[in-house]
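The values are calculated or read from the model by the stated rules, or taken from the named source; none is laboratory data. Everything numeric in this text was worked out from a predicted model, so none of it was measured. Cβ atoms come from the backbone with ideal geometry, glycine included; neighbour counts cover every protein chain shown. Calculation scope for accessible area: heavy atoms of the full protein, side chains included, ligands and nucleic acids excluded. Shrake-Rupley method; radii C 1.70, N 1.55, O 1.52, S 1.80 Å.
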Amino acid sequence: MKENLLISACLLGIKCRYDGRSVCKICPERLCEKYNLIPICPEIYGGLPTPRVPSERVGDKVVMKDGKDVTENFAVGAEAALKLAEINGCKKALLKEKSPSCGKGEIYDGSFTGTLTEGNGVCAELLIRSGISVYGESEIEKILTDT
Ligand code: SF4
């Protein structure tokens, strides 16, 4: 039986990014050979519209480029993603890199200048803390071979 894999919806061509676009950097057909894909967009689940003003993590908060505090939206979306992962028994998640929600290991630094810093997106952080193995889209070969 195939394993369930939580995946950032924008990686599957769903136009849920802040700018109303998708990313489509991966080949879902290859993933589908090994996994049942469970798409999630934590920012949408957190109640934010598409398109939306971009956000970045600033310390413990998440703020939009226009200064609006969206920390609560990001927290709600992350909890929803965790619940979806738990309901579906997902032990792994494949998430969009650099996103303030989905990014793992490296995210934008809160200055809205395109500068990266060490850290995780809010959703990635919660999933990792909850014992789920998080991969970025550049690690697709790894997630295809990891057991
Ligand atoms: Fe993609 Fe995650 Fe951003 Fe949604 S929150 S658009 S799934 S990177």
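The table below lists the values:
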item: DSSP bridge pairs, the chain: antiparallel proportion in percent, nearest 5; result: 35 percent
item: Karplus 3J(HN,Hα) series, Hz, for region 67-80 with 6.51 cos²θ - 1.76 cosθ + 1.60 (x for Gly, Pro); result: x, 5, 7, 10, 3, 5, 4, 5, 5, 4, x, 5, 5, 5
item: Within-13-Å neighbourhood charge of Ile38 [Cβ basis; K, R +1; D, E -1]; result: +2
item: Distant-in-sequence amide H partners of Lys98 (H built 1.01 Å from N, under 5 Å); result: Gly103, Lys104, Glu106
item: Summed residue charge, Cβ within 12 Å of Asp146's Cβ, Lys/Arg positive, Asp/Glu negative; result: +1
item: Sparse-neighbour loop sites [trypsin sites (Lys or Arg not before Pro); region 42-147; at most 16 other C-beta within 10 Å; DSSP]; result: Lys65, Lys68, Lys91
item: Accessible surface, the chain, averaged per residue in Å² (probe 1.4 Å); result: 51 Å²
item: Region 47-63 - phi-based ³J(HN,Hα) in whole Hz, Karplus 6.51/-1.76/1.60, Gly and Pro as x; result: x, 8, x, 10, x, 8, 5, x, 10, 9, 6, 10, x, 7, 9, 10, 10
item: J(HN,Hα) series, region 124-129, from Karplus relation 6.51 cos²θ - 1.76 cosθ + 1.60, nearest Hz, glycine and proline x; result: 4, 4, 5, 5, 4, 4
item: Share of carbon and sulfur in the accessible heavy-atom surface of the chain [1.4 Å probe, %]; result: 52 percent
item: Simple label model, 7 Å out from Cα along Cβ direction - Thr50 to Thr117, nm; result: 2.8 nm
item: For Gly46, distant residues with modelled amide H under 5 Å away; result: Gly77
